[in-house]
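Quick notes on the structure that follows.
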Amino acid sequence: MKFGVVVFPGTWSDKDCFYVIDQVLHQPVEYIWHKDTDLTGFDCIILPGGFSYGDYLRCGAIARFSPVMKSVEAFANAGGLVYGICNGFQILCESGLLPGVLIRNDHLQFRCEWTSLRIENSDSPFTSKAEAGQVISVPISHGEGNYFADSATLDEIEKNNQVIFRYSSPEGCIDRENNPNGSLNNIAGITNREGNVLGMMPHPERCCDPLLGSTDGEVIFRSISDTLLKLTS
Amino acid sequence: MKFKAEIFISLKPTVSDPQGMTIAEGLKQLGFESIDDVRAGKFIELSLNAKTISECNDVIADMCERLLANPIIENYRFEITPADR
């Protein structure tokens, strides 16, 4: 199995993602420059966090037109696993690979803090090693992570169990108090309808090493490698 | 012909606008008590070449749909004026 970490101008979490795949999962991983278009040989494409193109116009709005994105769309449409974190989530929404959009945090603050995430759906290639209802501690770092979709879209993603993570209390309680940015239904991460594209605002790649205070993020990366292992064996 | 387009992008009324609300608070603190509501948006000015104003219209609408605005959360309108004398 081989992972690809896409690097746009302004991406900043690429090295963290690379580190997790290389040093924690011990799996092959390569950087993919945003002008590259050949994704042959890759099994999972990660769009890391950052401020691609300076967040100009709207977060992710320009990055979605980078040459690599046409290939990422084809890769996703063919069933490949695509995983967008933070700015990567914003890019996936702007490109239409995921429904909805991330808007300015309702309190206007940039929030860099630990959050608790309740895993809503463990029947996903990205959470297969976790249990539904499990709460993990993962940091956020964003100013525009307020998930928004029109009510019809929201109903649909709820009905299809596309919500994978919700912001919660450490005990798993979903309420306004434990919503760090105003996201509808406390949504922190969703998949597409088919389930092979995941976007989330929190940064699990920043909590896969005991040195960083938590290894709760590992379960996501281990789920992905487990899924790929099953697919390729 | 050269044209100038002025494009106004605003959040849809159903999307909350914390920036606008914060501006409203600031204005109230300055004493502008009459403030009812503030919505903040984007203004983009661009110049382009087109054969006719209607062609220009189509091109700008396409730009708005595909990049300048996100139709999930934003509305747009624009004004086109000939830039040639």
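The values are calculated or read from the model by the stated rules, or taken from the named source; none is laboratory data. Remember, it's a predicted structure, so these values are computed and weren't measured experimentally. Counting neighbours? That spans all protein chains shown, and the Cβs are built from the backbone with ideal geometry, glycine included. Ligands, DNA and RNA are stripped out before the accessible areas are found, and what is left, the full protein with its side chains, is counted by its heavy atoms. Shrake-Rupley method; radii C 1.70, N 1.55, O 1.52, S 1.80 Å.
Across peptide A:137-150, the mean count of Cβ atoms from other chains lying within 10 Å of each residue's own Cβ comes to 1. If R₀ is 22 angstrom, what is the calculated FRET efficiency for the pair B:Leu67 and A:Asp155, using the beta carbon separation as r and rounding to 0.05? Here the calculated transfer efficiency is 0.20.
Extents of segment A:111-193, largest first, come to 31, 30, 20 Å (Cα atoms, principal axes, whole angstrom). Note on the protein assembly as shown: lysine pairs with Cα distance below 20 Å, sequence gap of 8 or more or different chains, count 12.
Of A:Ile62, A:Ile85, A:Ile136, which is the most mobile in a GNM of chain A whose springs link Cα atoms less than 10 angstrom apart? Of A:Ile62, A:Ile85, A:Ile136, the Gaussian network model singles out A:Ile62 as fluctuating most. Summing Cβ point charges (Lys, Arg +1; Asp, Glu -1) relative to the Cα centre of segment B:2-82 gives a dipole of roughly 220 debye.
Interface area, chains A and B: about 1200 Å² of buried accessible surface, summed, with a 1.4 Å probe and ligands, DNA and RNA left out. When the alpha carbon coordinates of the protein assembly as shown are projected onto the principal axes, the ranges are 69, 49, 36 Å, largest first.
Overall dimensions of segment A:57-143, expressed as equivalent-ellipsoid semi-axes from the Cα gyration tensor (√(5λ), whole Å, largest first), are 24, 21, 9. With all protein chains in place and a 1.4 Å probe, the accessible surface of chain A carries 49 percent carbon and sulfur. Ranking B:Pro71, B:Met21, B:Ser47 by how far each Cα lies toward the positive end of the dipole of chain B (charges on Cβ) leaves B:Ser47 at the top. Per residue of A:101-109, other chain Cβ atoms within 10 Å of the residue Cβ number 4 on average. The tail of the calculated P(r) for segment A:1-112 beyond 22 Å holds 28 percent of all Cα-Cα pairs.
Max-minus-min Cα coordinates of segment B:2-82 on each principal axis give 50, 26, 14 Å, with the largest extent listed first. For chain A, a Gaussian network of Cα nodes joined below 10 Å ranks A:Ala152, A:Ala130, A:Ala61 by mean-square fluctuation, and the top entry is A:Ala152. Measure out, as a whole number of angstrom, how far apart the alpha-carbon centroids of segment B:2-72 and segment A:112-181 sit. So the separation of the two Cα centres works out to 31 Å.
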